[in-house]
1. Residue 133 to residue 265: extension gain in nm, 0.36 nm per residue of separation minus the Cα-Cα distance?
2. Anyone know which of 89, 273, 169 comes out most mobile in the 10 Å Cα GNM of the chain?
3. Using only the Cα atoms of region 243-313, build the gyration tensor, take square roots of its eigenvalues as a ≥ b ≥ c, and label the shape rounded, prolate or oblate: rounded if a/c is under 1.5, else prolate if a/b is larger than b/c, else oblate.
4. Can you work out the FRET efficiency for the pair residue 40 and residue 208, with r the C-beta to C-beta distance and R0 = 41 Å, to the nearest 0.05?
5. Mind checking which aspartates and glutamates have their C-alpha under 12 Å from residue 161, skipping anything on the same chain fewer than 8 residues away?
6. Okay, helix-only estimate at 222 nm for the chain: each DSSP H run of n ≥ 4 adds -39500 (n - 2.57), divide by all residues, round to 500 deg cm²/dmol; what do you get?
7. Under 8 Å for C-alpha pairs, at least 6 residues apart: give me the relative contact order for the chain, rounded to a whole percent.
8. Run the quick spin-label model on residue 243 and residue 303: label points 7 Å from Cα toward the beta carbon, then report their separation in nm to one decimal.
Amino acid sequence: MPEVEILMTGAYPEWDMVDLEATYRVHRLWEAADRQELIARVGKDIRAIATRGELGASAELMKQLPKLEIVSCYGVGTDAIDLSYARANDIRVTNTPDVLTEDVADIAIGLLLATARQVPQADVFVRSGQWGSVAMPLVTRVSGKKVGIVGMGRIGKAIAKRTAGFGCNIAYFARHEHTDVAYTYQPELLALADWADFLIVIVPGGAATVKIVNADVLKALGPNGILINVSRGTTVDEEALIAALQDRSIQSAGLDVFLNEPKIDARFLALQNVVLQPHHGSGTVETRKAMGQLVRDNLAAHFAGRALPTPVV
Ligand code: 8YV
């Protein structure tokens, strides 16, 4: 029986589970009928948490694991992990950067095209037999338009590169100017939204970015504007977004992330001018295999006393 005990907060694909369970004694928190009972029973022996981006690890959970040494996150965003608690308690934290960059950028473009060109609506149009009897409504061009990118990290840059391929004019909002890119830096988000035809949000989640896309930003984006969010549900004021979609003060939105996933606000389901994705930006076989490998590499390095491949803390 493997002796290092780890707690998993949510499932990974089967190929990761097989590998992890061959190497560690894995406790499946999400399958426990009574999670508190499981933690009370095994918590004192847990040395690692394997979690996912959206599940994270709270201070409340970590406090109940006195031997916890490392939290390894399957995902790049660590906003749901209490990093201050980890730092203060010498708990290492790792994530899975780089391996998912291209896929998340791809889905941002996929959502932009799906939303502007109304691909899901066109699919319904053909399947429902309307083709030939009524005209498909004309849609919005993507090529050559003004794209505002909110966040110019690794994924923001990959999105910019793709939209440049569409001949788009690109500007971005970030905490500071990025000198390694030639796109226009706009330090005012409101001004960026006012200028842009399409606003693509890819800033990290967390306290600093809560509701940065608020009612004023949506108003500035305007009735022909399209919002794409592939960051976290927290970065957009969802009440304001639903109101803006309902009264068409923005044209439409393409969303991969929401508050309260997977139980998202039901009002989204009734809207025709939004394309919905189940937080699946990194959800390709290729990327998920690489993410699982990186989680395992970080855990293996930690327990072998080697340098962590992708440390956050
Ligand atoms: C999720 C993500 O982790 O990378 C992130 O921050 O949010 C995603 O990749 C993924 O859906 C696995 O749960």
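Read-outs throughout are calculated quantities, based only on the coordinates presented, and are distinct from any laboratory measurement. Quick caveat, the model's predicted, so the values are computed rather than measured. Glycine also receives a Cβ, built like all others from the backbone with ideal geometry; neighbour counts cover every protein chain displayed.
1. Working it through step by step, the gained length comes to 44.0 nm.
2. 89
3. prolate
4. Here the calculated transfer efficiency is 0.75.
5. 102, 106
6. Calculated at 222 nm, the ellipticity per residue is -10000 deg cm²/dmol.
7. 16
8. 5.1
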